[in-house]
Amino acid sequence: MKTETKSLTVEKMDEKGHGLAKIATLSAVDHDGDTYLPGAFAWKQGGQWVPILPAHDRKAVPFGKARVYEDGDAAYAELHLNLDTEAGREWRSALKFDLAKGAAVQEWSYGFGVLDQARETRNGEPLRVLKRLDVHEVSTVVRGAGVGTGTLAMKSRGSFSDQIDAVIAEIDDIVERTGGVKALREAQGRDMSKARLEQLAELRRRFDEVFMLDPFPEASAAEKSRKEAEVLAAEFMTLSARRNLGL
């Protein structure tokens, strides 16, 4: 059976090393062009129990285990780090440090085999419908299989400054991917899909809402003018980037 990997997002983890990771939204189409049927992860009674490994290294001793299950339209991995092992304690310490210092950089993914699938075309784009998956393991990795696979929270989501830094890093990744997708589709004589354009338009609308707010209500007139000039400069650079990307 061929082994594949996909990214996941850790949403919380407590002092005992118990956490929760979101694996997939079943009805959504992910970055790989895959979607899922209900039951794709939950075909085993009680869920699928798998080891937690460093970097998909199947020769390494697991530093925890995870239970993969479904709830509503989502699939989750219930994480249990083994704090009786040195590796489990070190990984928990590393994750806390990652969240506390700047933008989180630790990413995660999981390995799986496809037991049943189908091919469909929706909105003119080919899709793979995953009907049954055999999840092999969950791993901490240097770079996940998709965008936005970092640890979101163990105790809290961190400072507002850290959150902004994380969003900026994600925007950089989105801009790079958008340019790459646009160039590839132009080379193939195709336009970017309607679904991706709608997503980018929604992203722009959300940022427009942020820039409509007054971020400097307590600043002096001179300081406020200077900061507003910086915001206008940033907006100009953003508009220039949008033109370059054809948005």
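Some points to look at:
- Simple spin-label estimate for D73 and V61 gives 4.4 nm between the two label positions (7 Å along the Cα-to-Cβ direction from each Cα).
- Residue-span extension gain [K2 to K96] - 0.36 nm each, minus C-alpha spacing: 30.4 nm
- For V68, residues with placed amide H under 5 Å, excluding near neighbours: Q48, W49, V50, E78
- For the set K12/K101; K44/K65; K22/K101, the pairs lying more than 19 angstrom apart at their alpha carbons are K22/K101.
- Solvent-accessible area of the range 18-135 (1.4 angstrom probe, protein heavy atoms only): carbon and sulfur portion equals 49 percent.
- Under-5 Å amide H pairs with K6, H placed in peptide plane, nonlocal only: Y110
- Difference of contour (0.36 nm per residue) and Cα-Cα distance, R122 to E202: 26.7 nm
- D30 paired with D191, simple spin-label distance in nm, labels 7 Å along Cα-to-beta-carbon: 3.0
- In the context of the full set of protein chains, the range 35-82 has a per residue accessible area of 49 Å² (1.4 Å probe).
- Added length on full extension, which subtracts the Cα-Cα distance from 0.36 nm per residue, E15 to W43: 7.0 nm
The values are calculated or read from the model by the stated rules, or taken from the named source; none is laboratory data. Just so it is clear, the structure is predicted and the values come from calculations on it, not from any experiment. Because the Cβ atoms are built from the backbone with ideal geometry, glycine has one as well, and the counts that use them run over all protein chains shown. Side chains are part of the model used for accessible areas, which takes the heavy atoms of the whole protein and leaves out ligands, DNA and RNA. Shrake-Rupley method; radii C 1.70, N 1.55, O 1.52, S 1.80 Å.
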